[in-house]
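Take a look at the structure below.
The values are calculated or read from the model by the stated rules, or taken from the named source; none is laboratory data. Just so we're clear, the structure is a prediction, and the values are computed from it rather than from any experiment. Cβ: placed from backbone, ideal geometry, glycine included. Neighbour counts: every protein chain shown. Just so you know, the surface numbers come from the protein's heavy atoms only, side chains and all, with ligands and any DNA or RNA stripped out. Shrake-Rupley method; radii C 1.70, N 1.55, O 1.52, S 1.80 Å.
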Amino acid sequence: MRKLSLLLLILVALKVNAQEGIKFNQTKTWKETTEAATKTGKLIFVDCYTDWCGPCKWMDQNAFTDAKVAEFYNKNFINAKIDMEKGEGIELRKKYSVQSFPTFLFINGNGDVVHKTGSRMPIEEFLEEGKKAANPTKNLSYLNKKYEEGARDLPFLLNYYLVLNKSDRSGAEKIGKDITSGISVQELNTELGWKVIKTLARSESDKLGAYFMANQTAYNSWSKQEERDQLKDRLITSTLYGLMRGNNEQAFMDKLAYFKKSDKIDRKKQGVMLEADYYLGAGRTEDYVKLTSAALKNELKDEADKLSFLARRASGGRAGADQVSPAILQQAYLMAKRAVELEPEEYGNQSTFASVCLAMKKKPEALAAAKKTRSLADAETSKIQKLAQELLDKVEAL
């Protein structure tokens, strides 16, 4: 009984810790925060956010409340959550060139950025970023210094690319090009070579992608079949989009057979998505309707997100529904309606269905979906709430 009580107490303590999460803003001003960092020798972790940022809210509700994350960040950093559009955040945004949200800064007591990352990321990845920041031989500042001093060995460059890619895409792209142009065939035939290919291959025709496609079995020892399949699918998809843009139908259909004739259902679904995109762009209305009608009964019948995506594309997007043929718009309606039936509590599904119904002047259905959209938006950012209200206003004015 005593052991059971003790276990319950531990579980409750863990739960409380998880609920508390990272302890933010225990100092009142930025000056006080930097002074605390100087006094303690700790880095300052700054969550740069805005109130309209959806990924910021996701990190708030998931990563920041995780028990392991909270324990590490509370122990190693002075944590500050600062709205970049209010108060001191306005100047700090300029000072540290914060361009996107969320951005995560790790700053020393002198006000220098030691590590920088950002965007919504899985909990374990966010924890790992904190560990890199706290490690004086793994953070971005250290890697920048090593690069400036001339470090160019492949393991260093790949690690530098992976860290830099989360804060400076253009800088990372340059490093990526250096890695791709400099890597030898001997290096490609190693575990590190696999990591480079997995990270930097973009198409079947680039150096890394072409080498992988010609030597796939060479990487069996260093990767899982699933990883190799995902890379192959990504490279072939990239090729197909290139053929789509070039309006090369025969080559497109020949390459599409990789997906269409596969015995794997996920590949078949990807084949439908690509073929639908091709027919839509080529103005092949009859083929588009035939394909998506079949997919609604087969491959995509339970795929709410894919159906909603196709419906948004088919209904005109930024081009406007007035430029869409009635037959295509009708398909958008059927796909959007099915998506709502599958996942009625998903904001994107309801929003898409409301927009399609609005374009078709189906006011009763549009109004019900728009009201639901507005209700679901209350859990989202202020920007999304504004868009949902604008949609509802348009429907009510119909």
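Quick one: Karplus J couplings for region 140-151, per residue in order, coefficients 6.51, -1.76, 1.60, θ = phi - 60°, nearest Hz, x for Gly and Pro?
Result, rounded to whole Hz: 4, 4, 5, 5, 4, 5, 4, 5, 5, 7, x, 5.
Please give the net charge around residue 123, taking every other residue with its beta carbon less than 12 angstrom from that of residue 123, where Lys and Arg add +1 and Asp and Glu add -1. Could you put the intermediate results ahead of the total?
On the way: positive: 68, 120; negative: 66, 124, 125, 128, 129.
Cβ neighbours under 12 Å give a net charge of -3.
Which value, in Å³ per residue, describes the convex hull spanned by the Cα atoms of region 344-398? Could the numbers behind the result be given before it?
Values: hull volume 3.2 nm³, N = 55.
In region 344-398, the Cα convex hull volume per residue is 57 Å³.
Give, in nm to one decimal, the length gained when the segment between residue 184 and residue 144 is fully stretched (0.36 nm per residue of separation minus the Cα-Cα distance). Please list the in-between numbers first.
Values: separation 40, 0.36 × 40 = 14.40 nm, distance 2.42 nm.
Value of the extension gain: 12.0 nm.
When all protein chains stay in place, what accessible area (Å², nearest 10, 1.4 Å probe) is found for residue 49?
Counting only protein heavy atoms, residue 49 exposes about 60 Å² to solvent.
Hey, what do the phi angles of region 295-309 turn into as Karplus ³J(HN,Hα) couplings, whole Hz, using 6.51/-1.76/1.60 and θ = phi - 60°, x for Gly and Pro?
Ordered by residue, 3J(HN,Hα) equals 5, 4, 9, 10, 4, 9, 4, 10, 9, 4, 5, 5, 5, 5, 4 Hz.
Using DSSP, restrict attention to beta bridges with both residues in region 30-135 and report what percent are antiparallel, rounded to the nearest 5. Each step should come with its number before you reach the end.
Numbers: 10 of 17 bridges.
Looking only at bridges with both residues in region 30-135, the antiparallel portion is about 60 percent.
Can you pull the one-decimal nm distance between simple spin-label points at residue 286 and residue 341, each 7 Å off the Cα toward Cβ?
2.8
From the phi angles alone, apply the Karplus equation (6.51, -1.76, 1.60; θ = phi - 60°) to region 228-235 and give each ³J(HN,Hα) in whole Hz, x where the residue is Gly or Pro.
5, 5, 4, 5, 4, 4, 5, 5
Tell me the relative contact order for region 30-135 as a rounded percent, counting alpha carbon contacts under 8 Å between residues six or more apart.
On the way: 159 pairs, mean separation 40.3, N = 106.
Computed value for region 30-135: 38 percent relative contact order.
Only helical DSSP H runs with n ≥ 4 go in: add -39500 (n - 2.57) per run for the chain, normalise by residue count and round the 222 nm mean residue ellipticity to 500 deg cm²/dmol. Write out the running numbers ahead of the final one.
Details: 21 runs with 259 residues, N = 398.
Helices in the chain give a 222 nm mean residue ellipticity of -20500 deg cm²/dmol.
Probe of 1.4 angstrom, ligands and nucleic acids ignored: what's the accessible area per residue over the chain, in square angstrom?
Details: 21610 Å² over 398 residues.
I get 54 Å² per residue for this part.
For residue 80, what residues show an amide H to amide H distance below 5 Å, using hydrogens built from the backbone and excluding near sequence neighbours?
For residue 80, whose amide H was placed from the backbone, the distant partners under 5 Å are 25, 45, 46, 47.
Going by average Cβ density within 10 Å per residue, which order do the peptides 310-316, 217-223, 154-160 take, highest to lowest?
Packing order, densest peptide first, comes out as 310-316, 154-160, 217-223.
How many percent of the accessible area of the chain is carbon or sulfur, using a 1.4 Å probe? Intermediate results must be reported in sequence, preceding the final value.
Working: 11100 of 21610 Å².
Result for the chain: 51 percent of the exposed heavy-atom area is carbon or sulfur.
Out of all DSSP beta bridges in the chain, what portion is antiparallel? Express it as a percent rounded to 5. Could you put the intermediate results ahead of the total?
Working: 10 of 18 bridges.
Of those bridges, close to 55 percent are antiparallel.
Of all alpha-carbon pairs in region 168-213, indicate the percentage at a distance above 14 angstrom. Could you put the intermediate results ahead of the total?
On the way: 472 of 1035 pairs.
Within region 168-213, distances greater than 14 Å cover 46 percent of Cα pairs.
Run the 1.4 Å probe and let me know the accessible area of residue 244, rounded to the nearest 10 Å².
Counting only protein heavy atoms, the figure is 40 Å².
What is the angle, in °, between the Cα long axis of helix 382-396 and the longest principal axis of the Cα atoms in the chain? Nearest 10 is fine, range 0 to 90.
The helix 382-396 is inclined about 20 degrees to the chain.
So for the pair residue 380, residue 229, with labels modelled 7 Å out along Cα→Cβ, what separation do we get in nm?
In this crude label model, residue 380 to residue 229 measures out at 3.3 nm.
Taking the Cα atoms of region 30-135 alone, what are Rg (to one decimal) and Dmax (as a whole number) in Å?
So, for region 30-135, Rg and Dmax equal 12.8, 35 Å respectively.
Hey, can you grab everything whose amide H is under 5 Å from the amide H of residue 114? Only 5+ residues off in sequence or another chain; H modelled, so Pro and N-termini drop out.
The list, which skips near neighbours in sequence, is 106, 107, 108.
What's the local net charge at residue 230, with K and R +1, D and E -1, over the other residues with C-beta under 12 Å away? The partial results should precede the final answer.
Values: positive: 198, 224, 228, 232, 234, 264, 267; negative: 226, 227, 229, 233, 266.
Net charge around residue 230: +2.
Summing +1 for each Lys or Arg and -1 for each Asp or Glu, what net charge is found among the other residues whose Cβ lies under 14 Å from the Cβ of residue 243?
Working: positive: 245, 255; negative: 204, 249, 254, 275, 277.
Charge balance in the 14 Å sphere: -3.
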